[in-house]
Amino acid sequence: MSYRPASLPIGVFDSGVGGLTVLRALREALPNESFLYLGDTARLPYGTKSAKTVERYASQAAQVLVDRGVKLLVLACNTVSAVAVEPLRARFRPLPVVGVVGPGAQAACDATQTGHILITATEGTIRGGAYERAIRQRRPDAVVVGQPCPLFVALAEEDWTRGEVPELAARRYLEPRLEADPQLDTVVLGCTHFPVLAGVVETVVGEGVRVVDSARTTAAAVSALLDTAGLHRDASSEPTLTLLATDDAERFARVGAVFLATSLRPEDVELVDL
């Protein structure tokens, strides 16, 4: 069966459901595109695994998407983006591979005026230093600090994204950083769970601080890449969305509905074995 590469879906991979915030941003930015999403829910979290293990898991998951036919691969996982972008590019060349760290770092550099940037993420991402390295590659004089916000993950998955509880958590994490550095003017949401808490973060940091959503900046990077490669899908037929998971379709649908901002049923999720 012949096809034009532009008609193929965009493959999106994450260790779980958090990457659905990236998928949501992609669908908003690219409404004519079809998407194939895989969440490796049987083996999460990736943040506690070694770099070699993360690379192996990511390669296995990416192979599933490639075998099904995709025109571009988005690594909607900060851990994978931090350690496996180049190995995956080498393995699947010439397939374009986009991670979330690079676009997020570039957006932070574009947003800041003072060069003082706060990275909010999981402990593993902060400890690995990927955002700090990516920002300093682009702006060597940047002052970059990291703030682990582990409670944000649980709040996002429980859909506690508004009100007193998430705001108290955000104040506990962010206010000491703001007080310690009055020049801090940019906050990066460096975990795919965090965009659903963007409103709370913006309330806490105030109008003088820019909040950078790595999901939206990744979507913009993908759109630009499709422009350059001439791979935009035409609108002659309805775009499709296929959701894959490696475990627990019921939980994937329940939690995923929060991140994707649309209702999902367990039968909407196809279980696959890696």
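Values quoted throughout were computed directly from the atomic coordinates according to the rules given, and no laboratory measurement underlies them. Keep in mind the model is a prediction, meaning the values are calculated, not measured. All Cβ positions, glycine included, derive from the backbone under ideal geometry; neighbour counts span all protein chains shown.
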Principal-axis tilt of helix 51-68 within the chain, Cα atoms, nearest 10 degrees: 40
Nearest-0.05 FRET efficiency for GLU202 and THR114, computed from C-beta distance (R0 22 Å): 0.75
Pairwise FRET efficiency - ALA261 versus VAL66, Cβ, R0 = 41 Å, nearest 0.05: 0.90
Net dipole in debye of the chain [+1 Lys, Arg Cβ; -1 Asp, Glu Cβ; about Cα centre; nearest 20]: 880
When the convex hull of its Cα atoms is projected in every direction, mean area for the range 101-214 (nm²): 6.1
